[in-house]
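Here's the structure, in structure tokens; my notes come after.
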Amino acid sequence: MADGTNARGAAGPARLAVFASGRGTNLGALLRAFPPAGDAEAETVLVISDRSDAGALEVAREAGVRALHLPFGRDREAFEATANAALRASQVDLVALAGFMRVLSPAFAEAWRGRLLNIHPSLLPAFPGLHAVRQALAAGASRSGCTVHFVDAGVDTGPVILQREVPVLPDDDEASLQARIQVEEHLAYPAAVRSVLRGEARDDGTVGSAR
Ligand code: GRF
């Protein structure tokens, strides 16, 4: 990837897939940076959602990207097998989890190691898991932010690629702090993807420290 080839060793832009369960504003930011065609480093080729009503599917369709609803149900293995087949069929090099509200298996994380990214609305390792913004407020944190990291077998535990910080203001509620963090997320995710594609951040501890 850093040598101008994508993860399949082929020349040309890397092929990006995004998993999302929600509104898809981070997906939108990724699509602005990496539309289906036009960027030299990456093109978004596939969006997968576990929810049929996810705004992200609509965002993908509007951008002309293949949008796939794959129910998660109780069968994570079946979801992952189908997702893997779709990722292979679309020759995907890199997967970005963007508000994907399911925990993928250690086997899936291992299979995609170094090529599977997540964004989380806190300065990890602070406040992992659900309701990170609420957790930061409850803890009385004076600053928070977002983290893009490689996914490992844990939940929000993989090596950090990039973080962006925001202040927590005295009159913040969950919505106001989340909105401030999301502005930073939309800058952080495309930057982190580029840093991985350029080989500046690797899933071996040699990660960048851009803030
Ligand atoms: C983001 O805040 C992300 O950090 C979290 O879920 C949210 C997704 O938002 N994991 P959106 O669907 O991208 O707007």
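The values are calculated or read from the model by the stated rules, or taken from the named source; none is laboratory data. In this text the structure is predicted, and so the values were computed from the model without any measurement. So basically every Cβ, Gly included, is an ideal-geometry build from the backbone, and we count neighbours across all protein chains shown. SASA here: full protein model, heavy atoms, side chains in, ligands and nucleic acids out. Shrake-Rupley method; radii C 1.70, N 1.55, O 1.52, S 1.80 Å.
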Cα-centred dipole magnitude for the chain, charges only on beta-carbon of K, R (+1) and D, E (-1), debye, nearest 20: 260
Whole-percent carbon and sulfur share, accessible surface of the chain, 1.4 Å: 52
Ratio of Rg to Rh over region 70-118 (Cα coordinates, Kirkwood Rh, two decimals): 0.92
Solvent-accessible ranking of T44, T157, largest area first, probe 1.4 Å: T157, T44
5 Å-binned pair-distance histogram of region 133-211 (Cα, whole percent): 3, 16, 24, 20, 18, 12, 6, 2, 0
Rg and Dmax of the chain, Cα atoms only, in Å: 16.3, 51
Length-normalised contact order of the chain in % [C-alpha pairs under 8 Å, at least 6 apart]: 19
Kirkwood hydrodynamic radius of region 80-162, from inverse mean 1/r over distinct Cα pairs, in Å: 13.6
Placed amide H near V18: partners under 5 Å, 5+ positions off or other chain: L46, V47, I48, A96
Under Karplus coefficients 6.51, -1.76 and 1.60, residue-wise ³J(HN,Hα) of region 180-190 in Hz, glycine/proline x: 5, 5, 5, 4, 6, 4, 5, 8, 5, 5, x
Amide H contacts under 5 Å for L116, placed H, 5+ residues apart: V95, V151
Overall dimensions of region 10-121 by Cα: Rg and Dmax, Å: 12.9, 39
V155-A78 FRET efficiency (beta carbon distance; Förster radius 35 Å; 0.05 resolution): 0.95
